[in-house]
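The values are calculated or read from the model by the stated rules, or taken from the named source; none is laboratory data. Since the model is a prediction, treat every value here as computed from it, not as a measurement. Virtual Cβ from ideal backbone geometry, glycine too; neighbours counted across all protein chains shown. Each accessible area value is taken on the protein alone, full model and side chains, heavy atoms only, with ligands, DNA and RNA left out. Shrake-Rupley method; radii C 1.70, N 1.55, O 1.52, S 1.80 Å.
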Amino acid sequence: MEVILTQYKKALILQFQSNFCTGSSVLSVLQDLPSPPWPCRSKMEKHLQCISVLQWVISFLALGLSATVLLIYMFCTDCWLIAAMYTAWLIFDWNTPKQGGRRSSWVRNWTVWTYFRDYFPVRLIKTHDLLPSRNYIFGYHPHGIFCFGAFCNFGTEATSFSKKFPGIKPSLATLAGNFRFPVLRDYLMSGGICPVNKNSIDYLLTCNGTGNAVVIVVGGAAESLECAPGKNSVTLSRRKGFVRLALEKGSDLVPVYSFGENDAYQQIIFEEGSWWRLVQRKMQKIVGFAPCLFHGCSFFSAETWGIVPYCKPITTVVGEPITVPKVEEPTPDVVDQYHAMYIQSLQCLFDKYKTHFGLKESDVLEIL
């Protein structure tokens, strides 16, 4: 850049001297100058896309802890009154995440999310209409590392969910522990994200009218330990709680599969029984999520390692809803029946669309 600027200055001096000697005007000098070196639009857009994704990754990993440390520090400074006021508000507002949260249409429509969408890119495919007179439980698969597809499609309006499914309000459910951190909790709630616990989901499906869609990443932390590029497996065979909940509330089940979700990062998968896998399982039980050893690319180069995900397309397909009756106390046999129907519907969804999004006809969905 320094060399380019030096050459540009020399061209300016020579052009000015030439025109000065011939009596040309200053305006002519400026008009004849070579154009300064500006970054091309495509590169700037790519950087903005990368920044939009990176801010979400960093927010998810560090915003809660950083805000907590800052709040404690402020109590030791002259800003203690601000910290005390926010803490008082935090106590007063503690149960809001369990009562539908506090979504913001303004935040969900931020321009930053369109850059987030275009980085991969992320697409949302609608296969069937959803009735606003019903409530729904979306089962999202697979988890991946950060659930980029789930967040972009259901935590923002970047892929126009509200236009594709008019009258349906999505609420992405995530770890309840995230809502114990200051600032992070408000950031998550603004996108319509709620805790994945019984109280929160009960409220959305029974006390919030109809047209609600709670999005549950069924595989959870256990599934994130198995994700790898090109791997199509979901942790589902023993996950029946969401089916029981759907029966108790009379909410329809909707299978959702994101092709490409596992391709965003490379992960080192440790063998079952190894020391590292035992540590991952132990941490999963204690804190609710599994510490994965993964890498993407760096901000400046796709050839070097970093925490920026790879630019791999993520296509989320929303399947056909399974009509579920309301059964206040469903028996294990009834739960198993609808669980089997759900698995079959998910497999059919995968088989129908796999060749459309980069997979081979011989690829199969593994149910763990």
message: Rounded, prolate or oblate, given the Cα gyration tensor of region 274-321, with a/c below 1.5 counting as rounded?
response: oblate
task: Go ahead and set up a Gaussian network model of the chain, Cα springs under 10 Å, then flag whichever of Asp351, Asp252, Asp78 fluctuates most.
output: Asp78
- prompt: Taking amide H positions as placed 1.01 Å from N in the peptide plane, with prolines and chain starts having none, which residues 5 or more places from Gly306, or on another chain, fall under 5 Å of its amide H?
  reply: Gly296, Cys297, Ser298
- prompt: What accessible area per residue comes out for region 65-110, rounded to a whole number of Å², with a 1.4 Å probe?
  reply: 73
message: From the phi angles alone, apply the Karplus equation (6.51, -1.76, 1.60; θ = phi - 60°) to region 304-313 and give each ³J(HN,Hα) in whole Hz, x where the residue is Gly or Pro.
response: 10, 6, x, 9, 6, x, 6, 7, 10, x
message: Could you tell me the center-to-center distance, by alpha carbons, between region 244-300 and region 48-114 in angstrom?
response: 24
- prompt: From the cross-link list Lys98/Lys249; Lys240/Lys326; Lys98/Lys169; Lys43/Lys164; Lys126/Lys352; Lys198/Lys285, which pairs have alpha carbons spaced over 24 Å apart?
  reply: Lys43/Lys164
- request: Rounded, prolate or oblate: pick one for the chain, where a ≥ b ≥ c are the square roots of the eigenvalues of its C-alpha gyration tensor, a/c under 1.5 means rounded, and failing that, prolate if a/b is larger than b/c, else oblate.
  value: prolate
- prompt: Once you put a point 7 Å from the Cα of His128 and another 7 Å from the Cα of Cys76, both along the Cβ direction, what distance in nm separates them?
  reply: 5.8
- request: Working with all protein chains in place, sort Met74, Met85 by solvent-accessible area computed with a 1.4 Å probe, largest first.
  value: Met85, Met74
query: Build a GNM of the chain with springs between Cα atoms under 10 Å: which of Pro309, Pro325, Pro121 gets the top mean-square fluctuation?
result: Pro325
query: With the chain treated as a Gaussian network of Cα nodes joined by springs under 10 Å, which of Ser237, Ser224, Ser190 yields the largest mean-square fluctuation?
result: Ser237
task: If a/c stays under 1.5 just call it rounded; otherwise compare a/b with b/c (prolate if a/b is bigger, oblate if not). Do that for region 230-303, with a ≥ b ≥ c from the square roots of the Cα gyration tensor eigenvalues.
output: oblate
field: Surface share of carbon and sulfur [accessible, 1.4 angstrom probe, percent] for the chain
entry: 62
statement: Rounded to one decimal in nm, the spacing of the 7 Å Cα→Cβ label points at Thr68 and Val334 is 4.1
field: For Val217, residues with placed amide H under 5 Å, excluding near neighbours
entry: Tyr140, Ala173
message: Placing unit charges on C-beta atoms (Lys and Arg positive, Asp and Glu negative, everything else neutral), compute the dipole magnitude of the chain about its Cα centre in debye, rounded to 20.
response: 380
- prompt: region 191-221 to region 328-368: how many Å between their Cα centroids?
  reply: 21
field: Alpha carbon convex hull of region 74-228, volume per residue in cubic angstrom
entry: 142
query: Taking 0.36 nm per residue of separation and subtracting the Cα-Cα distance, what length does fully extending Lys352 through Ser301 add?
result: 14.8 nm
message: Suppose a student asked you for the relative contact order of region 201-271, using Cα pairs under 8 Å spaced at least 6 residues apart; what percent would you report?
response: 36
message: For Cα pairs less than 8 Å apart in space and 6+ apart in sequence, what is the mean separation divided by the residue count of the chain, i.e. the relative contact order in percent?
response: 19
- line: Once normalised by the length of region 158-305, the mean sequence separation of its alpha carbon contacts under 8 Å that are 6 or more apart gives a contact order in percent of 19
